[in-house]
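The values are calculated or read from the model by the stated rules, or taken from the named source; none is laboratory data. As the structure is a prediction and not an experimental result, all values here were calculated from the model. Neighbour counts are summed over all protein chains in view; Cβ atoms, including those assigned to glycine, are modelled from backbone coordinates with ideal geometry. Calculation scope for accessible area: heavy atoms of the full protein, side chains included, ligands and nucleic acids excluded. Shrake-Rupley method; radii C 1.70, N 1.55, O 1.52, S 1.80 Å.
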Amino acid sequence: MVSSDPMKLDVLAIAAHRDDVEITCGGTILKLVDMGKKAGVLDLTLGEMGTKGSAVDRTNEAEEAAEIMGLLFRRNLELPDSAVEVNRENKLKIARIIRDTQPELVILPFWLQRHPDHLYAMQLGYDACYLAGLKKLELDGHSEPHRPRKIIYSSSFRDVRHSFYVDITGQMDRKLKAVAAYKSQFDGTPRSREIFKPGVDIFSYMSITAMHYGHQVGVKYAEAFSIRENILIDDPSSMPVRSI
Ligand SMILES: [Zn+2]
């Protein structure tokens, strides 16, 4: 059962709008859950500026998607949609949730974005991870200081050089189901097909993109991620490789 109560998580994905996580990295979240990891999502807005569906519709849809993804935690920061601002107040709101959930891994949107909310979600999330770890920063009794061990950036659908891919072949069906839970957005009507020009159905779009990434690494479906830092490796001969 998904809850919004504080709890220890292994992974927390932070994104601007409901359905962002499902579309960009839902397969990877599902895979981590399949491996027994505790996963949660923090959505920053209620999506009230979306042209389709009310905020109430989207609340119910987000809960249904959370169940399909096996999330233990989902919370909404209720920042104004399309007006997310990078300020200290918002950074501290997210830092509180990082302390409440103590994730080892945080997934953020990629650092180049067309929609400002997506970009600002990345900036807020990055700074919040830092602030949450400051021992001397008081956050109204929000548990122990905590800094996530790793931040990765979901760069699926971005035309950039990705750092690594995650095989989601075993999770693709459920990823599509989780996105389909957002019926108000993707109901198959001609209007819902206009979200991705030129009228490409989002499910086809996700499948084709995941197949394209999968083809790069010799699996059927994959999601793409980027990291900012270099990786230190002791034994290059033991690096994970999947030959094509
Ligand atoms: Zn979005």
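For the chain, what is the convex hull volume of the alpha-carbon atoms per residue, in Å³?
129 Å³
Round to a whole number: what % of the accessible area of the chain belongs to carbon and sulfur, probe 1.4 Å? Each step should come with its number before you reach the end.
Numbers: 6580 of 12440 Å².
Reported share for carbon and sulfur atoms: 53 percent.
From largest to smallest, what semi-axes in whole angstrom does region 74-192 give when each is the square root of 5 times an eigenvalue of its alpha carbon gyration tensor?
Values: eigenvalues 164, 65, 47 Å².
Result for region 74-192: semi-axes of 29, 18, 15 Å.
Work the Kirkwood hydrodynamic radius out for region 7-138: mean of 1/r over every pair of different alpha-carbon atoms, inverted, in Å. Working shown, then result.
Details: mean 1/r = 0.0678 Å⁻¹.
So the Kirkwood estimate lands at 14.7 Å.
Which net charge results for the neighbourhood of SER4, defined as the other residues with beta-carbon distances under 9 angstrom from its beta-carbon, given Lys and Arg at +1 and Asp and Glu at -1? Mind showing how you got there, number by number?
Working: positive: ARG74, ARG75; negative: ASP5.
Once positives and negatives cancel, what remains is +1.
Per residue of region 94-99, what does 6.51 cos²θ - 1.76 cosθ + 1.60 with θ = phi - 60° give for ³J(HN,Hα)? Whole Hz please, x for Gly and Pro, Karplus curve as stated.
6, 4, 4, 6, 5, 5
Suppose only helical runs count, i.e. DSSP H with n ≥ 4. What mean residue ellipticity at 222 nm does that imply for the chain under -39500 (n - 2.57) per run, divided by all residues and rounded to the nearest 500 deg cm²/dmol?
Details: 6 runs with 86 residues, N = 244.
Computed ellipticity for the chain at 222 nm equals -11500 deg cm²/dmol.
In debye, nearest 20: dipole of region 69-166 around its Cα centre with unit charges on the Cβ of K, R (+) and D, E (-)? Don't skip to the end; give the middle numbers.
Working: 15 positive and 12 negative charges, 74 e Å.
With Lys and Arg at +1 and Asp and Glu at -1, about 360 debye.
For region 135-190, just run the numbers: alpha carbon Rg, then divide by 2.2 N^0.38 Å, N being how many residues it has. Walk me through the intermediate numbers first.
Working: Rg = 18.6 Å, N = 56, 2.2 N^0.38 = 10.2 Å.
Scaled against compact globular proteins, the figure is 1.83.
Could you run the Karplus curve 6.51 cos²θ - 1.76 cosθ + 1.60 with θ = phi - 60° over region 25-34 and give me ³J(HN,Hα) per residue in whole Hz, x for Gly and Pro?
Values, residue by residue: 9, x, x, 5, 4, 4, 5, 5, 5, 4 Hz.
Cα gyration tensor of region 204-244, axes a ≥ b ≥ c as square roots of the eigenvalues: rounded (a/c below 1.5), prolate (a/b > b/c) or oblate? If you can, show how the numbers build up before the last one.
Numbers: a/c = 5.33, a/b = 1.78, b/c = 2.99.
Note, shape of region 204-244 comes out oblate.
So for the chain: antiparallel DSSP bridges make up what percent, rounded to the nearest 5? Provide the component values of the computation, followed by the final result.
On the way: 6 of 25 bridges.
In the chain, DSSP labels about 25 percent of beta bridges as antiparallel.
Note down the net charge around TYR221, summing +1 for each Lys or Arg and -1 for each Asp or Glu among other residues with Cβ under 12 Å from its Cβ. If you can, show how the numbers build up before the last one.
Numbers: positive: LYS31, ARG174, LYS175, LYS220; negative: ASP167, ASP173, GLU223.
Within the 12 Å Cβ shell, the charges total +1.
Give the lysines reachable from LYS93 as a straight Cα distance under 27 Å; neighbours fewer than 8 places away on the same chain don't count.
The qualifying lysines are LYS8, LYS37, LYS38, LYS135, LYS136, LYS150.
Choose one of GLN102, MET49, LEU71: the residue whose Cα lies farthest towards the positive end of the charge dipole of region 1-136 (beta-carbon charges +1 Lys, Arg; -1 Asp, Glu; about the Cα centre).
GLN102
On alpha carbon coordinates alone, what is the Rg over Rh value for region 1-69, Rh being the Kirkwood radius? Provide the component values of the computation, followed by the final result.
Values: Rg = 12.1 Å, Rh = 12.6 Å.
That ratio equals 0.96.
Any aspartates and glutamates with Cα under 15 Å of the LYS31 Cα? List them, leaving off those in the same chain fewer than 8 positions away.
Result set, ordered by chain and number: ASP10, GLU22, GLU67, ASP167, ASP173, GLU223.
Under a Cβ-only charge scheme (Lys and Arg +1, Asp and Glu -1), can you give me the dipole magnitude of the chain about the Cα centre, in debye to the nearest 20? Spell out each step's value before the answer.
Working: 32 positive and 34 negative charges, 86 e Å.
In total the dipole reaches around 420 debye.
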